[in-house]
Each structure stands twice: as C-alpha cells, then as structure tokens.
Amino acid sequence: MYTREQASQLRQAFWTAFGQYIAPHLSAEGIKVSWLNYNTGFKHVYFRMQADKKTASIAIELTHPDTEMQQLFFEQFEAQKSILHDQLGEAWEWDLHTEDENGKTISRIYKEIKPVNVFNKEDWPAIISFLKPRIIALDEFWSMAQYSFEELK
C-alpha cells in the first residue's frame, strides 16, 4: 500500500507524463491546447479523464445544477450520437442523471477500461494508449459540434 502522499505523487507523475506525451499534439483547429484541462467553452460541459487503482476512463460530463438544462445538453449530444461514435470509432456508455462521487446529479457519456492501475507504472502505457486517441477524437468532434450547443449557453 501507498501512503496518501505517495499515492498523490504517483498520480501526479502519471498525469505529468501523460501531459508531456500529448503536449506536442495540436487541437483540431491547429492550436496548442491544455489536454488535461480541456476547455469546452461551455460552463457545466467537461471532458474528463480519470485513472485510479482499478480503471481508467474518459467522459463528457454534464454538471448543470438544473437537471432540465442538463437533460437538454444530453439530448443535444444524443442528436449527434452517430457522429460522435463515428469520430471516436466506438460506442460509448450514456448515463442521464446519475450521481458523481459527491452525490451530485450529473450526466455522463463515457468509456472505461479495466483492470488497469495508475499506481502500477507498467500499466501507464495502456492507460495513455487508451486516453490519448479518445481525447484527440473528442476534440475533433467538438471542433465541429460545439456550434449546435450555442442556444444552450
């Protein structure tokens, strides 16, 4: 087992390594982007990557506190589901109104792999190989799709 500090340092080392690995890639619009803190330009719409001792995941998270607004965003993504899945090259899971780890109601569109362990450096290549093409594909999708969400801003 790791101490809390050791676990934090390992997580930080992983995300630093991932950030360095993906940093040379420009966005679909040809600009430098912070892949780890991807800015969708929409409040309450996030692209999140996570890795822990059992899984790694990438998700579109909709966190609007008004569940009706959250559902409107979710439905707008559903309207573009085939385009999203084509861009990603795979189908993702769709959860409307689920709870996050803090008990808040969110909606998620996500993909995960298991078993992988961010605390095992031997799993890092598999986690990076899982996350990298998917965040790049999400960026390519979002560079075209974001305009259809303007009415919901």
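The values are calculated or read from the model by the stated rules, or taken from the named source; none is laboratory data. The structure presented is a predicted model; accordingly, all values stated were derived computationally and were not measured. All Cβ positions, even for glycine, are placed from backbone atoms using ideal geometry, and neighbour counts span all protein chains on display.
The table below lists the values:
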| item | result |
| --- | --- |
| Strands (runs of 3 or more DSSP E) contained entirely in segment 13-103, each with at least 2 residues that are farther than 28 Å from Y2 by Cα and aromatic (F, W, Y) | 45-51 |
| Residue count for segment 107-153, restricted to those that are touching a residue at least 40 places away in the same chain (Cβ under 8 Å), under 24 Å from A17 (Cβ atoms) and hydroxyl-bearing (S, T, Y) | 1 |
| Considering residues of segment 131-153 that are assigned to a helix (DSSP H, G or I) and basic (K, R) only, the residue surrounded by the fewest Cβ atoms within 10 Å (Cβ to Cβ) | K132 |
| Count of residues meeting criterion [surrounded by 12 or more Cβ atoms within 10 Å (Cβ to Cβ) and not in a strand (DSSP E or B)] in segment 104-122 | 6 |
| Matching residues, segment 27-52, being surrounded by 13 or more Cβ atoms within 10 Å (Cβ to Cβ) and either in contact with a Pro (Cβ under 9 Å, 6 or more places away or on another chain) or hydrophobic (A, V, I, L, M, F, W, C) (or both) | A28, V33, W35, L36, F42, H44, V45, F47, M49, A51 |
| Sole exception among (1) of a type in the set (V, I, T); (2) in contact with an Asp or Glu (Cβ under 8 Å, 6 or more places away or on another chain); (3) surrounded by fewer than 18 Cβ atoms within 10 Å (Cβ to Cβ) for I128, by number | (2) |
| Condition met for A145 (more than 30 Å from A7 (Cβ to Cβ) and modelled with pLDDT of 95 or more) | yes |
| Residues satisfying the stated conditions in segment 63-95, i.e. crowded, with 17+ Cβ neighbours inside 10 Å and either of a type in the set (A, V, I, L, M) or in contact with a strand residue (DSSP E or B) (Cβ under 7 Å, 6 or more places away or on another chain) (or both) | T63, Q70, F73, F74, F77, L84, L88, W92 |
| A56 vs. criteria within 17 Å of the chain's Cα centre (by Cα), small (G, A, S) and crowded, with 16+ Cβ neighbours inside 10 Å | yes |
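Quick grid of which residues meet (1) without any contact (Cβ under 8 Å) to a residue 12 or more places away in the chain; (2) within 15 Å of I136 (Cα to Cα):
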residue: A28; (1), (2): no, yes
residue: V33; (1), (2): no, yes
residue: Q50; (1), (2): yes, no
residue: T55; (1), (2): no, no
residue: Q71; (1), (2): no, no
residue: E78; (1), (2): no, no
